[in-house]
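Please read the structure below before turning to the comments.
Please treat every number below as a calculation from the coordinates, not as lab data. What you see is a predicted model, and the numbers here were worked out from it, not measured in a lab. All Cβ positions, glycine included, derive from the backbone under ideal geometry; neighbour counts span all protein chains shown.
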Amino acid sequence: MDLGDSSTILDREQLRDVTLDDESLMREVVAALIDDTTRQMVLLSKAIQEQDATRCMRLAHYSKGACANVGAASAAAVLKHIEKQAANRDFSACQTAFAQLTEEVDRLRSAATYL
């Protein structure tokens with residue numbers, strides 16, 4: 001699975017719309033998103049390891065929405081995949097996608113340095 005190549009790391013136009021083109025707010029929003037997603041990933045990893053489908057779906061859904069709202073499309077796509085695979089109880093696929101999510105959050109962190 002390589003969802004990152006088919007999606008946008010950070011849709012700056014969407015971020016501008018969400019923040020009313022306030023550059024300081026853009027940086028704050030993306031920093032908060034990265035911090036929150038990183039915290040949620042710790043919980044998500046544990047849910048995947050414990051094969052807790054309900055918790056895995058809930059955590060992935062929450063983070064997917066947060067990412068999608070500010071334009072972090074590639075991370076949102078991976079989280080959507082994790083949510084779907086958790087619903088199917090395919091925790092091996094969830095684990096593989098989680099590794100991709102880690103890469104996407106790193107890419108998002110790099111993109112945020114250019115805001």
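Taking the stated definitions as given, is residue 82 of a type in the set (Val, Ile, Thr) and under 13 Å from residue 111 (Cβ atoms)? Don't jump to the end; show me each part of the working.
Working: of a type in the set (Val, Ile, Thr): yes; under 13 Å from residue 111 (Cβ atoms): no.
No.
Can you confirm whether segment 70-85 contains a residue that is among the hydroxyl-bearing types (Ser, Thr, Tyr), closer than 30 Å to residue 23 by Cβ and part of a helix (DSSP H, G or I)?
Quick first cut of segment 70-85, residues among the hydroxyl-bearing types (Ser, Thr, Tyr) only: 74.
Going one step further and asking which of them are closer than 30 Å to residue 23 by Cβ, we end up with 74.
Those left that are additionally part of a helix (DSSP H, G or I): 74.
Yes, segment 70-85 contains at least one residue that is among the hydroxyl-bearing types (Ser, Thr, Tyr), closer than 30 Å to residue 23 by Cβ and part of a helix (DSSP H, G or I).
Picking from 27, 55, 107, which residue would you name as being more than 25 Å from residue 13 (Cβ to Cβ) and among the charged types (D, E, K, R)?
Exactly one residue qualifies, and that residue is 55.
Counting only residues that are in contact with a Lys or Arg (Cβ under 8 Å, 6 or more places away or on another chain) and in a helix (DSSP H, G or I), which one in segment 44-56 is nearest to residue 80 (Cα to Cα)?
Of everything passing the filter in segment 44-56, 53 is nearest to residue 80 (Cα to Cα).
Inspect all residues belonging to segment 66-75 and state whether any of them is crowded, with 21+ Cβ neighbours inside 10 Å, over 22 Å from residue 25 (Cβ atoms) and of a type in the set (A, V, I, L, M, F, W, C).
Checked segment 66-75: no residue is crowded, with 21+ Cβ neighbours inside 10 Å, over 22 Å from residue 25 (Cβ atoms) and of a type in the set (A, V, I, L, M, F, W, C).
So residue 45 passes all but one of these: (1) hydroxyl-bearing (Ser, Thr, Tyr); (2) free of Cβ contacts under 8 Å to residues at least 40 places away in the same chain; (3) surrounded by 15 or more Cβ atoms within 10 Å (Cβ to Cβ). Which condition number does it fail?
Against the list (1) hydroxyl-bearing (Ser, Thr, Tyr); (2) free of Cβ contacts under 8 Å to residues at least 40 places away in the same chain; (3) surrounded by 15 or more Cβ atoms within 10 Å (Cβ to Cβ), residue 45 comes up short only on (2).
Please find, within segment 77-96, the residue that is farthest from residue 8 (Cα to Cα) out of those that are under 13 Å from the mean Cα position of the chain (by Cα) and in contact (Cβ under 8 Å) with a residue 60 or more places away in the chain.
Once the filter is applied, the top-ranked residue is 81.
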